[in-house]
Amino acid sequence: MFEGIGNLGQIPELRKRIGFTLLMLAVYRIGVQIPTPGIDVAAMASFFNRVQGTLFGMFNMFSGGALRRMSVLALGIMPYISVSIIIELLAVAIPQLEALKKEGEAGRKKISQYTRYGTVALSLAQGLGIAFGLERMTAPNGAPVVANPGIGFLLLTSLTLMSGTIFLMWIGEQITERGVGNGISLIIFAGIVARTPSAIIDTFSLIRTGDIHPGLFLILLLMMLLVVAFICFMEQAHRRIPVQYARRVVGRKVYGGQSTHLPLKVNTAGVIPPIFASSIIMFPATIANFIQIPWMQSMAQGLRPGSFYYEAIYVIAIVFFCYFYTAITFNPVDIADNLKKNGGYVPGLRPGRNTSEYIDKVLTRITLIGAVYVSVICVLPSILITKFNVPFYFGGTALLIVVGVAMDTMAQIESHLITRNYEGFMRGAKLKTRR
């Protein structure tokens, strides 16, 4: 592994790509520290201490702490991701979008253009909504978050937040094109891991004061390593369906006849199900912070992370969205038709309907395994915090994103090394992307 890392500096192109990626991520982290004009940063931080376990906390995690500081990048990259998911779902219902997805590079560019336009509109709307909300926010001591509310503040804040999202979208696209890895994913990755140093410092402070026993810390550290290894295994796990291609004779040449396989990922839906599930469950708690209605306050209190009702509903919602999102993004009928058109078939099955039904049956079974796996990882933080008094958040959607993005980025670096006849990171091992 160390030999593979040492080879990184021997390829000028790869060295430039890694340097460019690190530079863009550094620019992003600097932007997180720049506050939006007209905001009392201290009052904003006090307000966030009161709304933990709501949608604000989840969005703050994806923005890398920018929302807590109300920086110029407070919206983060979430509007772009939201529009991308919406367009992907609309492609199922709108034939024109579905046709664009099948047009190759030209269709991809057109969909990217629609995504950019949608990101501008959504970020402007969200920025305006946040500006209205900021004018009505107060810290626990009664101090207003906005010093000088009014139309000027609304316009300045909404345009600033929209510009921050567009800037992040540009950084992500530049990293994807000129750097290493997927730029949008790396921005979220950088925001999440930015909290790691403070968590490590807090942990050692608690060990020094005796609040955490060193033996318990070693057990937790070993368990964390096992959890990360388990996630790496599950993110690459897939079910192989054998595919045989019939021989075709064209003139004097024979085409086809080879055997291959169709890989079906165990976790086809990725991190989308826990994000959707968290957003829906946290919505009542978010509304309850602004609407003082007794029954809504009781509901929000019962759906706090760590409670039995929250975890039960959370797991059910994750399982549902795993099946829902897989059904939206993976169509067994199209796969079976493509195999039939190219002369491929699954041994023992007739091409067409029988093949699609078999693929759907296999996908249904492995999706259940993937849903259980995602559910276990996502309820792990609550178990660690409530049962073992762990002072930091480990697991959940954040860990799935961090490990998945790290694996994808390492796989791209590995491909650069192998292309130029260098050893990869791991001898005898091949890293694969999740896609």
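The values are calculated or read from the model by the stated rules, or taken from the named source; none is laboratory data. Fair warning: this is a prediction, and the values are worked out from it, not measured in the lab. In this analysis, Cβ positions are derived from the backbone assuming ideal geometry, glycine residues included, and neighbour counts consider all displayed protein chains.
The one condition from (1) more than 25 Å from the chain's Cα centre (by Cα); (2) under 20 Å from GLU98 (Cβ atoms) that PRO347 does not meet is (2). Of all residues in the stretch 22-43, those satisfying the criterion of being among the small types (Gly, Ala, Ser) and within 29 Å of ASN141 (Cα to Cα) are GLY31, GLY38, ALA42, ALA43. Checked against the criterion of being touching a Pro at 6+ places or on another chain (Cβ under 6 Å) and at pLDDT below 85, the stretch 132-141 has at least one qualifying residue.
Could you list, in sequence order, the residues of the stretch 159-218 that are outside any helix (DSSP H, G or I) and within 23 Å of SER112 (Cβ to Cβ)? Scanning the stretch 159-218 gives GLY179, VAL180, GLY181, ASN182. Exactly one residue out of ARG136, ARG108, ARG116 is under 25 Å from the mean Cα position of the chain (by Cα), of a type outside the set (S, T, N, Q) and more than 20 Å from THR165 (Cα to Cα): that is ARG108.
Could you give me the residue pairs with C-beta distances under 6 Å whose first residue belongs to the stretch 9-27 and is assigned by TED's automatic domain parsing to the domain that holds GLY172, whose second residue is among the hydrophobic types (A, V, I, L, M, F, W, C) wherever it lies, and which are 6+ apart or on separate chains? Listed pairs, sorted by first residue: ARG17/VAL180; ILE18/VAL180; THR21/ILE175; THR21/VAL180; MET24/ILE171; MET24/ILE175; LEU25/ALA190.
Taken together, THR397, THR419, THR433 contain a single residue that is polar (S, T, N, Q) and either closer than 17 Å to CYS322 by Cβ or modelled with pLDDT of 80 or more (or both), which is THR397.
Within the stretch 31-44, residues that are at positive phi reach partners that are buried (at least 17 other Cβ atoms within 10 Å of the Cβ) and hydroxyl-bearing (Ser, Thr, Tyr) with beta carbons closer than 8 Å, at six or more positions or on different chains, in the pairs GLY38/THR157. Look at (1) loosely packed, with under 15 Cβ neighbours inside 10 Å; (2) touching a residue at least 40 places away in the same chain (Cβ under 8 Å); (3) under 29 Å from ALA43 (Cβ atoms); (4) not β-branched (Val, Ile, Thr) and you find that ARG178 fails only one, number (3). The condition (being outside the structural domain of ALA277 (by TED's automatic domain parsing), assigned to a helix (DSSP H, G or I) and at pLDDT 85 or above) is satisfied by just one residue among ALA317, ALA336, ALA406, ALA327: ALA406. Screening the candidates ALA93, ALA74 for the property of being at pLDDT 75 or above, closer than 30 Å to PRO332 by Cα and either out of contact with any helix residue (DSSP H, G or I) (no Cβ under 9 Å at 6 or more places or on another chain) or buried (at least 22 other Cβ atoms within 10 Å of the Cβ) (or both) yields one hit, ALA93.
Looking at the stretch 190-209, is at least one residue without any contact (Cβ under 8 Å) to a residue 12 or more places away in the chain and in contact with a Pro (Cβ under 8 Å, 6 or more places away or on another chain)? The answer is yes; a qualifying residue exists.
Of the residues MET224, MET234, the single one that is closer than 30 Å to GLU357 by Cα and part of a helix (DSSP H, G or I) is MET234.
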